[in-house]
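The values are calculated or read from the model by the stated rules, or taken from the named source; none is laboratory data. Remember, predicted model here, so these are calculated numbers, not experimental data. So basically every Cβ, Gly included, is an ideal-geometry build from the backbone, and we count neighbours across all protein chains shown.
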Ligand code: GCO
């Protein structure tokens, strides 16, 4: 029997754009709806979580979880620059209050990939004005909601723009579709192609100083408004090297993991989001090992990655660690249980070695909109009927909920 630390956060996660539906003022709504589109499906109604949050919070509470990580949507709260929707803020206030009513700890993310279209048309995170634009949003939303927020996350995976850019560069070529789509999206919204910069498909290198500055500034703003800890979450792959690949591995590790973990020093926690490992050889990224199982995302089925990234996050940042995302895209729910169980044993190894791990939040509560891949990959503990919006917990939901209730596994 292995026991988790007292007060451990057991949660599930979502992000506004992936579950709410109807995020029409966002940058991605335009990019999903244009034809042709880089996206396999438009997000459309998603899981209609904007209207069904109450049912969904009751569901996760009933399963045995004590924490819900979700994001508030900047594009709803500030759909035009300088116009703040009181109705949208009121909506999120009701949603956070609903968590408290169900004894669920709300962990609220202020930026999870999507942004208002005006922001992305104006250079997105590649423009240094992004720092003040985001700070102004945090100031307003933090003032309206902060007293109810138990944990705040400034920016989800601030290191993912540089990671996706580096992966794109390493795979070489094949970039015309992306550039064409950006140019067309810019034209459709009256912007300039060289300025239109969505979080996941722009020039990630240019975003780094702005995202780091925005995190520092919004951390200070939210610290003064939120009742609990404030931090950032990072997408952390376990970067490994085969003989000859060490130099490349170390370079990627420093640019993608290291510099962001160093920037988290002094925060109240760091959020670790891990799905797999990535291996380097002398000539670059290596394919999956022979015979390895691939997930729906094409990632290697390798739950033990979490042990390496949690240890790295704690060591480099010096912060307490919360696993703010971990999970698997699969149609086979039995594999989700195996994956998650192995990931949790990895976490137990860290806990036993004295690493300060304070929670495990599974991605995701619901089968939802997986960005470019649309509704194909299934990350949910709960299945969603795309026509009726009916929710149906999978065996993994009951299994993980039981571990959450026991705060132990054996
Ligand atoms: C993330 C993403 C999620 C993805 C998940 C699965 O923060 O990486 O938050 O939005 O859906 O990672 O790919």
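Worth pointing out:
- From 119, 110, residue being closer than 19 Å to residue 221 by Cβ, more than 16 Å from the ligand (Cβ to nearest atom) and in contact (Cβ under 8 Å) with a residue 12 or more places away in the chain: 119
- Where residue 58 falls short, out of the listed (1) surrounded by fewer than 18 Cβ atoms within 10 Å (Cβ to Cβ); (2) more than 16 Å from the ligand (Cβ to nearest atom); (3) in contact (Cβ under 8 Å) with a residue 60 or more places away in the chain: (3)
- Selection status of residue 68, within 16 Å of the ligand (Cβ to nearest atom) and in contact with a helix residue (DSSP H, G or I) (Cβ under 8 Å, 6 or more places away or on another chain): yes
- Tabulated pairs, the stretch 368-390, first farther than 14 Å from residue 38 by Cα and free of Cβ contacts under 8 Å to residues at least 60 places away in the same chain, second assigned to a strand (DSSP E or B) and away from the ligand (no atom under 12 Å from the Cβ), C-beta under 6 angstrom, 6+ apart or interchain: 383/392
- Among (1) surrounded by fewer than 21 Cβ atoms within 10 Å (Cβ to Cβ); (2) in a helix (DSSP H, G or I); (3) touching a helix residue (DSSP H, G or I) at 6+ places or on another chain (Cβ under 7 Å), the one test that residue 119 misses: (1)
- Options 331, 300: the member that is surrounded by fewer than 16 Cβ atoms within 10 Å (Cβ to Cβ) and either under 25 Å from residue 38 (Cα atoms) or at pLDDT below 95 (or both): 331
- Restricting the search to helices (runs of 4 or more DSSP H) fully inside the stretch 186-269 and requiring at least 3 residues that are more than 20 Å from the chain's Cα centre (by Cα) gives 204-223, 246-252.
For every residue, the table says whether it meets (1) away from the ligand (no atom under 16 Å from the Cβ); (2) in a helix (DSSP H, G or I); (3) free of Cβ contacts under 8 Å to residues at least 60 places away in the same chain.
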| residue | (1), (2), (3) |
| --- | --- |
| 291 | yes, no, yes |
| 298 | no, no, yes |
| 308 | yes, yes, no |
| 311 | yes, yes, yes |
| 329 | no, no, yes |
| 335 | no, yes, yes |
| 341 | yes, yes, no |
| 346 | yes, yes, yes |
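- Flag if residue 234 is modelled with pLDDT of 95 or more, away from the ligand (no atom under 16 Å from the Cβ), buried (at least 20 other Cβ atoms within 10 Å of the Cβ) and within 22 Å of residue 115 (Cα to Cα): no
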